Structures are given as C-alpha cells and as structure tokens.
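S.K.: Next up is a structure, given as structure tokens.
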Amino acid sequence: MNLGGQRNPRWARTLLIAYGFMLPLLGVKAVYTFWPILFGTYLAFTEYNLISPPRWVGLRNFEELFGVGAFGGRGPDRDFWYGLINSLKYVLVVPLIQILSIGLAMLVNRQIPLIGLFRTAYYVPVVTSFAVVGLMWGWMYNAFGPVNFILTRLHLLNPENPSSLLSNPATALLAVMFVTLWKGLGYYMVLYLAGLQSIDRSLEEAALMDGASRWQVFRHVTLPGLRPTILVCSLLSTISAIKVFDEIFVMTGGGPAGSTYTAMFFVYSAAFQNFRYGYAAAAGLVVAGVSLGLGLLNFRLTRGGQAS
Amino acid sequence: MKNLEASRVRRKRWRAALTNLLVYAVLIAVAVVSLYPFLWTLVTSLETQGGIFEFPPKLLPQAPSWRNYAAVLELVPLARQFLNSLILSFFGVFLSVLFCTLAAYPLAKMEFPGRNFIFYAILATLVLPNEAGLIVNYVTTAKLGLLKPELGAVGQFAAIILPALPSTVGLFLMRQAYLSVPSELLEAARMDGASELLIWRRIMLPLAMPTIAAFGILQFVAIWNSFLWPVIILRDRELYPLAAGLLDLAGTFATNTRAISAGAVIQIIPILILFFVFQRYFMRGLEGAVKG
C-alpha cells in the first residue's frame, strides 16, 4: 500500500476511486447534515422569514432571548426559559432509564426458559412509532382509562371525579416522561446486554470465589466493565431528553397551561408558527450549548468511559 | 456431617428456586407494562359494544368484529397511505443501503488522504447538536425546488427521504462489517485485474450481507415510523404516509377512538411482523452500533 509520500499515478487513482465511492453519501450529507450546522449557526445572527433573504442583526436574537442590550427593558423571553427549564427537568429521566435498563439487562442476561420471549416483549415499544405511542398513552391516561383505574384502586385518586394525568399541570410532564422511559427501556436494555456479555465472566466468578458479596462484584467488576456502554447510552439519552419533542408533540402539544412546553417546542413554534427562523435558530443554538455542556458532564461522570 | 451437607445443598437449591421465581415475577411485571397498551388498543379496535373506557378495563373483546376497520377505511384513504409508506420505505431503505455500502468501502479498505478526517467528521454529527436542522432542512428543501407543484409526488417523496439517506449509523455498521473482510482477498482480486466496483459488488457486499440486513431493517422501521418531517414537508394530504395520516385522523376524528385504534393497529402490524421475523438481525444491528 502506498502511504502518502509517493505521488504516483496509482496513488491518484485510489484517491479518485475512494472519493467516487463516497460521493453519493457525502453529497447528500453535505446538504442535509453539514450545511444545517453551518447555515443554522449563521441564521442565529440574522432575521429571516423565508421570503426575503436573511438580514444580519448581530447578537440581537440572543439579546431578545436573554433580555439584555436592546431588550434590556423587556426582560428575558419567558416562553423560552420556561421551555428550557422544562427540558432540564426532562433530563432527570436519564439516570432513571439508565439504572432501570442496566437492572433489566442483568435480569435478562441469564439462560432461563422463555428469556428470549421477554427480551422481545421489552423491545416492542422501541419499534413503535411515536404517532402510535402518543395515541396509545393518550388512551392509557384517559380520565376513565387503565392508568386511572389502577390509581383509583390504590386510593390515589377520587373514583367519583377522576381526571387525566395529562390534563393536570402538576403531573403532565411526569406522565410524558414515563412514556419516554417506557419506550426507551428496551432499547437501552439491548445495548447494556451487549455490554454485559462483553465483560469477562471469569472475573466475576473469581471475585465471588474470593468471598466478595454480589453487591461488591457488581460495584467493583460489573459496573467498571460497563462504563463505556454507560457513557454511550447516557450521552444518547441526555441529548434526546434535552431535545425532547416527539412525545410532547403527539401527547400534550405543550399543554396543559404550558406545563410540558419544552425548549424544542419553543424552537418549533418560533420557526413554523411565527416564521421567525433566525430567532428560532438562535434559541436552537442556546439549546445546543446546554446539551453540549450536559454531554461533557456525562463524560466526566463516567470518567470518559474508561473501562477500568 | 453428611446430613449437614445435604441440608446445605437443599437450602441452596431452595434459594436458587426462590431467586428464579423472583426474577420471573419482575420479568412478567415489566412485560405487562410494556405490552398492555398494545393489548388495550387491539381489544378496543375489535370491540363494538359498550363504552370505550370502562372500570375495570376489558382484557378481551365481547363482540369482536372488523367493523371498526371498515369504518377507518371509509374515513381516510388508508390503502393510499399504506402504499405511500411502502414506497417511501422501499426507496429510503434501498438508497440508504446503497449509499452506505458504497461509502464505507474506501473508509474501511483503502488508504487515501483525508480518510480519518472524513470518518470522524461524519461520526461527530451523531453527537454534534443540530437543533436548527429541521428549520434549515426545510429551507434547503424549498430552495432545491423539490416542493414545486409541477414535480408532484416525486418531488415531495424525494424531499422526505433525502435527509434520511446518508445514515451515520449505517455507514458505521458497514465499515465495521467490511473491516473484518481479510485484505488478502481483495489484494488477490486486484491482482487478477478486478475493478474496485467489481470487488465491492462480488466480495464486500456478499460478505457483509448480515449487516446489510440489520441496517436495512433498522432503516425501514425508522422511515415507516417517521411523521414529523413528512407533516412539515408534504403539501398534499393524499401523499401522507400511515404514521402522519394516523395523527391527522386522530386530530380530525378525535372522538372516534375505535376507528383510530384500528388505524393504529394497521400502522404497527407490518413493523411487528418484520421485527418478529428478523429479530436476530435487529438486535445485532443495535449491538453493532455501540460496540466497535
């Protein structure tokens, strides 16, 4: 193989062929993935309504979001911050999903009868469209639906006058978060199962032989071995939690009383309802910054995903 | 002494049995939570009697019939939407498999300047925040002229699948699969004068078939289930895929729960069949995406 240096015809041919193979993918990716990252960043500093070309406004959009500079008198954009706080609350679902799916992965990581059937069952919600998930859980949470049936039986709800968890501002966000958990559990379980199966079994057995308790084995052998998987999973889960949109869109539409209004909902309505694309892009950039910060936090908490 | 040993063995067996019982109890409880909403939807779609919401909820329909399915077929052009979903998924899967299998070949098996840069730049888009992506992609699609009325269905369908084609996960999975193909095999073929395209077609593709299947299925599910982007893009309602049509139906006929639940069942069935038949590939595709 020719590695750099020798600039002969064969080398040039390889280059041409290599880029030829990658051209279709790179071409479309440039338009639909790389370009949005660049143009979206640019749009954040403009005013744009799709009809006339973007007009450069400098930091004006950010000033409006934060309520400084030209917007000093008006205060920060309350809708945006309200949405961002709800998005941050939503991130609290991440540790819960991760802990439960690690637990579930450990439960299904054993050779007992019917275990394949259980693994399949947990995966069914993962392959279901959010369009269907939203409808189904809307029915589950109906005032006279199955969830309230259980709640009234547990005497947590007055059977005379039940109300849907989704129409109560105090519980709506939690109810939607539960659906995220319900849909994500099987997905992360499969990933953790793969992680568990890559851990050397003999390490755990040796530790047990040496008289370590099951908890000690989990704490000092299994968990460190899972760290790379935990990093990947918590990163994916955090990014999708801060950007949560689909669940909200199909279940509550941001309501009731704005209790499930998230940051991406703000971005969506600024763009597609108010046609303020530049302002929406600026808000998107702030959300991106927050999600980057949370990503770094994940990296720190899992010690960079190092196995030992 | 022997007695003591025997009782210890017995106690151990008891503990193992008890642990298993506990494990099954938890497994069953989680399975009930995972599957119950599907059961409820199915029962509601088949039931024609009584209230939709009852305390306690029904586990089986009392007077099962296809009447609700007939009703939903009259409310919306379901057959048309089913066809739309099929067309979108077919071309989406075919083209993204083509793009990813092509692009992954040089990334795995050729030495050329910029290889690592390109690979990591693409990988970075998985975590790079792209919150404004939806907005910019909408603008791009409009600018490309794909939504012009004279292009009709072809333009709008192209607009829907284009962003999904260059799948990063697909590229990554294909590269992993290619890496395990022995390079000596390729060298031998090159010696015999085979072109790179022929090597790709005759050696790489057949050897990577299981991964192609895994990725193809993941991609099919993703496209079949997507609704937000189609709703944003599509002008003509009759071009709606099933998932988008279902939301539309639920918005328009919110009170007709039985018909909507029948629509939901129709949307899920193909995916569930695909999932049950190709389960092995499915899990493998997912695992491949985190390993490596």
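S.K.: Take the stretch A:30-58 and flag every residue that is small (G, A, S) and more than 8 Å from every other protein chain (Cβ to nearest Cβ).
M.R.: A:A30, A:S52, A:G58, listed by residue number.
Here is a yes/no grid of residues against (1) over 28 Å from A:W182 (Cα atoms); (2) of a type outside the set (A, V, I, L, M, F, W, C); (3) out of contact with any Ser or Thr (no Cβ under 8 Å at 6 or more places or on another chain); (4) in the same structural domain as A:S291 (by TED's automatic domain parsing):
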residue: A:I37; (1), (2), (3), (4): yes, no, no, no
residue: A:F45; (1), (2), (3), (4): yes, no, yes, no
residue: A:Y48; (1), (2), (3), (4): yes, yes, yes, no
residue: A:F66; (1), (2), (3), (4): yes, no, yes, no
residue: A:F71; (1), (2), (3), (4): yes, no, yes, no
residue: A:L92; (1), (2), (3), (4): no, no, yes, yes
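S.K.: Mind listing whichever residues of the stretch A:267-308 are in contact with a strand residue (DSSP E or B) (Cβ under 9 Å, 6 or more places away or on another chain) and not in a helix (DSSP H, G or I)?
M.R.: If the condition is that a residue be in contact with a strand residue (DSSP E or B) (Cβ under 9 Å, 6 or more places away or on another chain) and not in a helix (DSSP H, G or I), then A:R276 is the only one that fits.
S.K.: Moving on. Go over the candidates B:A124, B:A142, B:A153 one by one and state the one that is surrounded by 14 or more Cβ atoms within 10 Å (Cβ to Cβ) and among the hydrophobic types (A, V, I, L, M, F, W, C).
M.R.: Checking each option against the conditions leaves just B:A142.
S.K.: Which of the following residues is facing chain A (nearest Cβ under 7 Å), out of contact with any Cys (no Cβ under 6 Å at 6 or more places or on another chain) and farther than 30 Å from A:A283 by Cα: B:L151, B:L165, B:L186, B:L102?
M.R.: B:L102
S.K.: Moving on to the next point. Which residues, counting only those in the stretch B:247-292, are at pLDDT below 75 and outside any helix (DSSP H, G or I)?
M.R.: Scanning the stretch B:247-292 gives B:K291, B:G292.
S.K.: Continuing with this model, one more query. Select from the stretch B:100-121 the residues that are in contact with a helix residue (DSSP H, G or I) (Cβ under 6 Å, 6 or more places away or on another chain) and among the aromatic types (F, W, Y) and write down the one among them that is surrounded by the most Cβ atoms within 10 Å (Cβ to Cβ).
M.R.: Top of the filtered list is B:Y105.
S.K.: Additional query: Do we have B:I161 as under 13 Å from B:I233 (Cα atoms) and touching a Ser or Thr at 6+ places or on another chain (Cβ under 9 Å) here?
M.R.: yes
S.K.: Go through the stretch B:59-88 and give me each residue that's over 26 Å from the mean Cα position of the chain (by Cα) and either closer than 20 Å to A:V132 by Cβ or of a type in the set (A, V, I, L, M) (or both).
M.R.: If the condition is that a residue be over 26 Å from the mean Cα position of the chain (by Cα) and either closer than 20 Å to A:V132 by Cβ or of a type in the set (A, V, I, L, M) (or both), then B:L59, B:L60, B:P61, B:A63, B:W66, B:N68, B:A70, B:A71, B:L75 are the ones that fit.
S.K.: While we're here: Specify which of the listed residues (B:I269, B:I212, B:I203) is closer than 30 Å to B:N137 by Cα and surrounded by fewer than 23 Cβ atoms within 10 Å (Cβ to Cβ).
M.R.: B:I212
S.K.: With respect to A:T120, determine if the residue is within 29 Å of the chain's Cα centre (by Cα) and polar (S, T, N, Q).
M.R.: Yes.
S.K.: Using the structure shown, decide if A:F118 is crowded, with 18+ Cβ neighbours inside 10 Å, at the interface with chain B (Cβ under 8 Å from one of its Cβ atoms) and assigned to a helix (DSSP H, G or I).
M.R.: So A:F118 fits the description; yes.
S.K.: Count, please, the residues in the stretch B:207-237 that happen to be within 9 Å of chain A (Cβ to nearest Cβ), without any contact (Cβ under 8 Å) to a residue 60 or more places away in the chain and closer than 30 Å to B:Y178 by Cα.
M.R.: 2
S.K.: Which one is surrounded by the most Cβ atoms within 10 Å (Cβ to Cβ), of the residues in the stretch B:1-52 that are modelled with pLDDT under 85 and within 11 Å of another protein chain (Cβ to nearest Cβ)?
M.R.: B:I52
S.K.: Still on this structure, I have one more. Please work out which residue is nearest to the chain's Cα centre (by Cα), limiting yourself to the stretch A:46-85 and to residues that are among the basic types (K, R) and over 14 Å from A:R276 (Cβ atoms).
M.R.: Only one residue fits best here, namely A:R78.
S.K.: Next question, about the same structure. Which numbered condition trips up A:M177, out of (1) in contact with a helix residue (DSSP H, G or I) (Cβ under 8 Å, 6 or more places away or on another chain); (2) at the interface with chain B (Cβ under 10 Å from one of its Cβ atoms); (3) of a type outside the set (K, R)?
M.R.: Exception for A:M177: condition (2).
S.K.: Tell me which residues, restricted to the stretch A:209-233, are surrounded by fewer than 18 Cβ atoms within 10 Å (Cβ to Cβ), away from chain B (no Cβ under 14 Å) and part of a helix (DSSP H, G or I).
M.R.: The answer is A:M209, A:W215, A:Q216, A:F218, A:R219, A:H220, A:L223, A:P224.
The values are calculated or read from the model by the stated rules, or taken from the named source; none is laboratory data. This structure is a prediction, so every number in the text was calculated from the model and none was measured. Heads up, the Cβs are rebuilt from the backbone with ideal geometry, glycines too, and the neighbour counts pull from every protein chain shown.
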